[in-house]
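Please read the structure below before turning to the comments.
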Amino acid sequence: MSEKQYSGWTNKETWNINLMYNEVFGNLCEEQEYDDVDHVADSFESLVNDLEFDGVIENTLAHNVLSEYLNRVDWKEIAEHYAADFELFKEEDEEKDMEELRELLANSK
């Protein structure tokens, strides 16, 4: 991830999309189950694309500008932000840590 350059976010586009969709992303995190951060990022990106491109005609200036804008969004950074806030993978991480601890103890005997 690159250096934070805009209000604590990678760029203005990432900050702005997070600001605009904050409540929507939060609701998704409360309602959906995710496998990992990439799954969260893909879900957020798909949702925003569906909403923002609705009614926009392809190969127009508006479509091209919107595409360029959304391509600059760091979806993984947004997903990591929500994963941390909502502790989306805490249980899975705890299980993984316990399994690693069991292996370590078994190997130390």
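Values quoted throughout were computed directly from the atomic coordinates according to the rules given, and no laboratory measurement underlies them. All values reported here derive from a predicted model rather than from experimental measurement. With ideal geometry, Cβ positions are generated from the backbone for all residues, glycine too; neighbour counts draw on all protein chains shown.
Against the longest alpha carbon principal axis of the chain, how many degrees, from 0 to 90 and to the nearest 10, is the axis of helix 61-71 turned? Here the helix axis deviates by roughly 20 degrees. Rg and Dmax of the chain, both derived from C-alpha coordinates alone, stand at 18.0, 67 Å.
Just to confirm the number: angle between the C-alpha axis of helix 75-86 and the first principal axis of the chain, 0 to 90 degrees, nearest 10? It works out to around 50 degrees.
Taking the number of Cβ atoms within 10 Å of each Cβ as an exposure proxy, the fewest-first ranking of Val73, Val24 is Val24, Val73. Packing, taken as the mean count of other beta carbons within 10 Å per residue, orders the peptides 38-50, 60-72 from highest to lowest as 38-50, 60-72.
Charge dipole of the chain (Cα centre as origin; +1 on each Lys and Arg Cβ, -1 on each Asp and Glu Cβ, all else neutral): 520 debye, rounded to the nearest 20. Principal-axis analysis of the Cα atoms of the chain puts helix 37-53 at an angle of about 20° to the longest axis.
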